[in-house]
Amino acid sequence: MLAPPLLAWEAHPDCRPAPIGTPCDVDGTAAVEATQNVYADLCFIGVTGDTPGGGAFTARDAQDAAMKRALAARAAEAYTLASPEKIGTASPYRVLPWRHITGMDTDVDPTREVVEQVSALDVELVHAAGANS
């Protein structure tokens, strides 16, 4: 099974990734500042929790959540990557509310109840090709 970022890339073959930051940017300050000069059509956001009932995507680290918010703010569309073990879980730091997300790329079994919850939020649900969860 492919990792969620690879599944998302497979679903969006015209995507060109643009990494931001360096290993020397220990606190993330330079990377967050660099996002102010980015105009992206599309942003993929990896999160550690997707909670349709809780209304937000979450992360385990405050700096990580802040960086993801900054990137999403500079993109015309933002998609989250959701593997089955992340849906329905919550981490301590809010990344974005669902209303700020265009869609969710997932390999979640389309028969799961959460699919109905996501659809009710007016969020595009993209099932990765070859999903077998």
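The values are calculated or read from the model by the stated rules, or taken from the named source; none is laboratory data. Bear in mind the structure is a predicted one, so any value in this text is a computation, not a measurement. In this analysis, Cβ positions are derived from the backbone assuming ideal geometry, glycine residues included, and neighbour counts consider all displayed protein chains.
What the table below lists for this structure:
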| quantity | calculated |
| --- | --- |
| Residue list for the range 53-65, restricted to those being under 14 Å from HIS100 (Cβ atoms) and surrounded by 15 or more Cβ atoms within 10 Å (Cβ to Cβ) | ALA56, PHE57, THR58, ALA65 |
| Selection status of VAL38, more than 21 Å from SER119 (Cβ to Cβ), out of contact with any Cys (no Cβ under 8 Å at 6 or more places or on another chain) and modelled with pLDDT under 80 | no |
| Count of the range 101-115 residues which are surrounded by 15 or more Cβ atoms within 10 Å (Cβ to Cβ), free of Cβ contacts under 8 Å to residues at least 60 places away in the same chain and in a helix (DSSP H, G or I) | 1 |
